[in-house]
Structure formats: C-alpha cells, structure tokens
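The values are calculated or read from the model by the stated rules, or taken from the named source; none is laboratory data. Quick caveat, the model's predicted, so the values are computed rather than measured. All Cβ positions, glycine included, derive from the backbone under ideal geometry; neighbour counts span all protein chains shown. To get the accessible areas, we keep the full protein, side chains included, count just its heavy atoms, and leave off ligands, DNA and RNA. Shrake-Rupley method; radii C 1.70, N 1.55, O 1.52, S 1.80 Å.
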Amino acid sequence: MKNSTGNFFSTEEQQRIKRTVENAEKCTSGEIVPMLAPCAYDYPRAEIIGGGFFALAAATTLSWGFFGESLWVFLAAFLLLYLPCKWLIRFCPPLKRSLISDREMAEEVAEKAMVSFVERQLHHTRDNTGILILICLFEHRVQILADRGINAVVPPHTWDHIVAELTAGIRQGQACDALCLAVQKCGELLAGHFPVREDDKDELPNLILE
C-alpha cells in the first residue's frame, strides 16, 4: 500500500506549492513544511480480519452449496482463498478503509505526524517555529502539527479550520489549490507572531513527498 506519492501532484503543481511556501515564509521566521504520505500505517489487522472473513464466507458457500457441507472441502477452500482475499483487501483501498474505524485512523495519522515531525527535523529550527502540514492519502485525513514555539502563543484549535478547508478541497479534487491556500493562511497566522528576521534563512524543505 505504501506507493510513491510523486504522481499525486504534477511537476507544475509541486513547483507551485514550493513557491507558495517560499512566499509565505518571506513574511515570517516560521518554517512551513507540507508533506504528502501514501498512508499513516499499513493496518495489517484489517487485512487479516477482512481476508479471513471473505475466505470464510466463500468457503462456507462453496462447501454448503455444492459439496454437501463437506468439512474437507471447506478447509481446503478456506486455505486456498485466504491469501487471495487478503491481497484483494490490500490492493483495494476503499474496501480496506471500510474495515478500519475512524478512531484508529485518526490516532495513526496523529502518530504519523509526530514521528515525521521528529524524523524530518522540524523540531530543530532556530526559534522552534516549524509547522508540518501532513496529508495522508489512504486515510483521507490532514494533520497540522506545530513546534513548541508556536504552541506557546497559538492555541491548538487554531488549525482546525485550515484542516477542514484543506480536507474538503482534497475531496473535491482541488488538492493543489487547497494546499496552497492552507500554506498562505499558516503563513499569515505565523507572521503576526513571528515576523521575518533580517538574517532569516530557509531551514527546512518546502515540500516532502514520501
């Protein structure tokens, strides 16, 4: 399921996003990093449970419907069908997503944001003003995570409206426009608290594609 996200945005869209980040950072010492991930987690339990359920249903139907409820046919059919059913779920995102609770996906996206924040060194900016805009494609979810310097002056719920607008834009097929708007709004918000410095420099990537 972890495929490259390089084709989600065209080359022109990627350049547009980077320019938007550059322009937003001209007015603030904050660092804005949009990041696109194929998924927050592999969710193996969904594949195991779903594959077992579909294999069980198919084996039961085959055994009862055509072989007089034969236990041996049932067992053979289940063993033969389990892996194909598991692969079906793995490579059919809508089906797999239906087997995962909203709560689990929300928790995994939040954890992905935390891990990525540290792995990508967003917590090492000079003024602790890094901000991650994480888009997880499989989960259809967005998470904005800010460093401690920003959190000291900006309440966490401040990002909720930006997250909602970006999520809606992605679902409407306007991902690039929505992401650029989110970057602009983050930049405007940061500029009011963290104006640009004379010796400011770009410390972090302006777009990360996993």
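Taking interchain pairs and intrachain pairs at least six residues apart, which have beta carbon atoms under 9 angstrom, with the first residue in the range 35-47 and charged (D, E, K, R) and the second assigned to a loop (DSSP other than H, G, I, E, B)?
From the range 35-47, the pairs are D42/M1; D42/K2; R45/L99; R45/I100; E47/L99.
Checking Q172 against (1) surrounded by 12 or more Cβ atoms within 10 Å (Cβ to Cβ); (2) closer than 28 Å to E12 by Cβ: exactly one of these is not met. Which one?
Q172 satisfies every listed condition except (1).
Filter the range 135-169 for residues that are touching a strand residue (DSSP E or B) at 6+ places or on another chain (Cβ under 8 Å), part of a helix (DSSP H, G or I) and crowded, with 19+ Cβ neighbours inside 10 Å and give the result.
Those that are touching a strand residue (DSSP E or B) at 6+ places or on another chain (Cβ under 8 Å), part of a helix (DSSP H, G or I) and crowded, with 19+ Cβ neighbours inside 10 Å: I150, W159, I162, L166.
For the range 120-134, which residues satisfy the criterion of being in a loop (DSSP other than H, G, I, E, B) and buried (at least 20 other Cβ atoms within 10 Å of the Cβ)? So that I can check it myself, show each step before the final result.
Here is the first cut: in the range 120-134, the ones in a loop (DSSP other than H, G, I, E, B) are 120-121, 125-129.
T129, the sole residue that qualifies.
Can you report the number of residues in the range 16-43 which are at pLDDT below 95, touching a Pro at 6+ places or on another chain (Cβ under 8 Å) and either assigned to a strand (DSSP E or B) or open to solvent by 20 Å² or more (accessible area, probe 1.4 Å) (or both)?
2
Output the number of residues of the range 177-207 satisfying the condition of being hydrophobic (A, V, I, L, M, F, W, C), within 16 Å of E13 (Cα to Cα) and either open to solvent by 10 Å² or more (accessible area, probe 1.4 Å) or at pLDDT below 90 (or both).
Result for the range 177-207: 3.
Just one of the numbered conditions (1) acidic (D, E); (2) at pLDDT below 95; (3) assigned to a helix (DSSP H, G or I) is not true of E13; which one?
Condition (2) is where E13 drops out.
Go through the range 44-101 residue by residue and tally those that are open to solvent by 50 Å² or more (accessible area, probe 1.4 Å), within 20 Å of H140 (Cβ to Cβ) and in contact with a helix residue (DSSP H, G or I) (Cβ under 7 Å, 6 or more places away or on another chain).
Summing the residues that are open to solvent by 50 Å² or more (accessible area, probe 1.4 Å), within 20 Å of H140 (Cβ to Cβ) and in contact with a helix residue (DSSP H, G or I) (Cβ under 7 Å, 6 or more places away or on another chain) in the range 44-101 gives 2.
Show the residue pairs meeting these rules: Cβ distance below 7 Å; 6+ apart or different chains; first residue within the range 53-72 and farther than 19 Å from I89 by Cα; second residue β-branched (V, I, T) and at pLDDT 95 or above.
Here the result reads none, with nothing in the range 53-72 linked to a residue that is β-branched (V, I, T) and at pLDDT 95 or above.
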